[in-house]
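Engineer: Please find one structure pasted underneath; my questions will follow.
The values are calculated or read from the model by the stated rules, or taken from the named source; none is laboratory data. In this text, all values refer to a predicted model and were calculated from it rather than measured experimentally. In this analysis, Cβ positions are derived from the backbone assuming ideal geometry, glycine residues included, and neighbour counts consider all displayed protein chains.
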Amino acid sequence: MKPPQVNPLQKYLQTDGFFFLLRHGQIAGSGTRRFIGISDVDLDDTGISQAAYWQHAFSPLKIDTIYTSCLSRCRDMARRIAGNRKIVSHPALNEINLGQWEGRPFDEIKRRNPEGFKQRGEHLDTFRPPDGESFHDVQCRAVPFLTRCLEKPGTPLFVTHAGVIRVILCHISGLAVKNLFQFNVSYGQLFVIQTCGKSHGTPLTDLDDLSHDADPDFRRGLGPDGKSHR
């Protein structure tokens, strides 16, 4: 994957009052439909190329700290982007814990536990697999951590997972957690979020998302399929 000819982050070089949310790159075995939460899966070659792409884009920006999940796919993504920047790993940014469903194919869970599979679909916000978390649980740990980080001076980058990003975007947008799949969050997708101060909670005023295809052209406000996912 080639570096961007025009840096999509150019507009953020001389401004502040925002932060970045980046999903890790593509992972090994991504073509298999399975439950991947806290399972520790590495980036594949495409994911490594996506990390290199963002390393080039972020290189001229003043990022004070990169906060990342403790899982290797995020830590590796952060390390490849960071250069000399400080990296802080924290479990609050870990993907949802899917308990006994971790690593299992969707079809297997649907066959062996049809009622649980149905309940998950009907109650996305509160359903917990055996020994696992709900997306509401994820929001309850991720948003307070995000808020504490934003109370510190500087511009942070958060490298985390689709589930974490979705529950944060629900919080930002004032949506209930059950609506989290209104947000499409692709591998290597970046969201740029403008803040309006450092008061209680996470006050936010604007949202850009930056996505790229394999070509790789960036299109602000669009996902890889060309549709808006705001």
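Engineer: When you go through (1) more than 26 Å from residue 42 (Cβ to Cβ); (2) at pLDDT 95 or above; (3) not in a loop (DSSP other than H, G, I, E, B) one by one for residue 126, which number turns out not to apply?
Structural biologist: Every condition holds for residue 126 apart from (3).
Engineer: Just a yes or no: is a residue in the range 3-14 modelled with pLDDT of 95 or more, surrounded by fewer than 19 Cβ atoms within 10 Å (Cβ to Cβ) and over 15 Å from the mean Cα position of the chain (by Cα)?
Structural biologist: Kept after step one, since they are modelled with pLDDT of 95 or more, are these residues of the range 3-14: none.
Within the range 3-14, not a single residue is modelled with pLDDT of 95 or more, surrounded by fewer than 19 Cβ atoms within 10 Å (Cβ to Cβ) and over 15 Å from the mean Cα position of the chain (by Cα).
Engineer: Go through the range 52-100 residue by residue and tally those that are among the hydrophobic types (A, V, I, L, M, F, W, C), assigned to a loop (DSSP other than H, G, I, E, B) and in contact with a helix residue (DSSP H, G or I) (Cβ under 8 Å, 6 or more places away or on another chain).
Structural biologist: Our first condition is that a residue be among the hydrophobic types (A, V, I, L, M, F, W, C); within the range 52-100, this holds for 52, 54, 57-58, 61, 63, 66, 70-71, 74, 77-78, 81-82, 87-88, 92-93, 96, 98.
The next check asks that each one be assigned to a loop (DSSP other than H, G, I, E, B); those that pass are 61, 63, 70-71, 96, 98.
Next cut, in contact with a helix residue (DSSP H, G or I) (Cβ under 8 Å, 6 or more places away or on another chain) only: 61, 70, 96.
Of the residues in that region, 3 qualify.
Engineer: I've got another one for you. Taking only the range 74-104 into account, find how many residues are free of Cβ contacts under 8 Å to residues at least 60 places away in the same chain, among the aliphatic types (A, V, I, L, M) and surrounded by 15 or more Cβ atoms within 10 Å (Cβ to Cβ).
Structural biologist: Number satisfying all stated conditions: 3.
Engineer: Considering only the range 160-185, state which residues are of a type in the set (A, V, I, L, M, F, W, C), part of a loop (DSSP other than H, G, I, E, B) and under 13 Å from the mean Cα position of the chain (by Cα). Don't jump to the end; show me each part of the working.
Structural biologist: Just the residues of the range 160-185 that are of a type in the set (A, V, I, L, M, F, W, C), to begin with: 162, 164-165, 167-170, 172, 175-177, 180-181, 183, 185.
Now narrow it down to the ones that are part of a loop (DSSP other than H, G, I, E, B): 175-176, 183, 185.
Residues satisfying the conditions are 183, 185.
Engineer: Among the candidates 107, 131, which residue alone is surrounded by fewer than 17 Cβ atoms within 10 Å (Cβ to Cβ), out of contact with any Phe, Trp or Tyr (no Cβ under 6 Å at 6 or more places or on another chain) and assigned to a loop (DSSP other than H, G, I, E, B)?
Structural biologist: 131
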